[in-house]
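Values in this text are rule-based calculations from the coordinates and carry no lab data. Since the model is a prediction, treat every value here as computed from it, not as a measurement. A quick note on method: Cβ atoms are made from the backbone with ideal geometry, for glycine too, and the neighbour counts reach across all protein chains shown.
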Amino acid sequence: MTLNLADIHYIMGTKGDNNRQRIVEAADRLFYTRGYNQTSFRDISDVTGIPRGNFYYYFKTKDEILGAVVDARVSGFKEMLSACEKQSSDPRQRILCFTDMLSESEDNIVKTGCPIGTLSSELAKDEDDFRDIAQAVFALVHTWLTRQFTEIGVSQASDKAMDLLARMQGITVMACAFNDREFLRRSLADIKASIKSKTLN
């Protein structure tokens, strides 16, 4: 079999896309478990098996990797929120679907905390350039939750959305700090009961 130039470019491009994805996925896990500032190019190289020198073909700086990680997380949350919308036309059920994220991520939460919250807190302490990046996922979810609360007819829907996000973040922090699954489950049950309540306002 003879490969022409177009075939070679396709193969190399596919390999490049795969390597880039491996770098992003490895960095995502490391930023979550170790923190952004504590993760180096070498750490990512060790996990992926991709030589450190080859990273510069895909990313010039660690900040560029961070941007790709956040983009991937935003895409992941968009898919999750879209799935909640497809699951039900009832905004209450959609919000309940979203809160199920806590129970579905229970193992990770009690061990390492919230992947979004931990990274956002770390980046918010750094340069102003990171602030928009730190807020990207939260901004997406806040907008979505505001829309759901508005459809329910809740007054000050934006504030209610922020309150729910803050409550969920507080729960993940305490569940991780005390490695307490029961607290996480009990708190999630309380949140769900509040959302189901007809007096929600």
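Take each of the peptides 162-169, 24-31, average the number of other beta-carbon atoms within 10 Å over its residues, and list them starting from the highest. Each step should come with its number before you reach the end.
Values: 162-169: 16.2, 24-31: 20.4.
Packing proxy ranking, top to bottom: 24-31, 162-169.
Across all directions of projection, what mean area in square nanometres is found for the Cα convex hull of segment 41-97? It would help to have the intermediate numbers written out before the result.
Numbers: hull surface 21.0 nm².
That works out to 5.2 nm².
Neighbour counts of other Cβ atoms within 10 Å put Ser45, Ser197 in the fewest-to-most order Ser197, Ser45. Rounded to the nearest whole Hz, the Karplus-based 3J(HN,Hα) values (6.51 cos²θ - 1.76 cosθ + 1.60, θ = phi - 60°) of segment 73-83 follow the sequence 5, 4, 4, x, 5, 4, 5, 5, 5, 5, 5, with x at glycine and proline.
Taking the radius of gyration and the Kirkwood hydrodynamic radius from Cα positions alone, what is the Rg/Rh ratio for the chain, to two decimal places?
Working: Rg = 19.9 Å, Rh = 18.9 Å.
My calculation of the ratio gives 1.06.
Projecting label points 7 angstrom from Cα along Cα→Cβ for Ser194 and Tyr56 puts them 5.1 nm apart. With a point put 7 Å past each Cα toward its Cβ, work out how far Gln135 is from Asn37 in nm, to one decimal. Label-label distance for Gln135 and Asn37, simple model: 2.1 nm. Cα centroid separation, segment 47-86 to segment 119-196: 22 Å.
The C-alpha radius of gyration of segment 103-194, expressed as a fraction of 2.2 N^0.38 Å, stands at 1.16. In a simple Cβ point-charge model (Lys, Arg +1; Asp, Glu -1; nothing else charged), the chain has a dipole of about 400 debye relative to its Cα centre.
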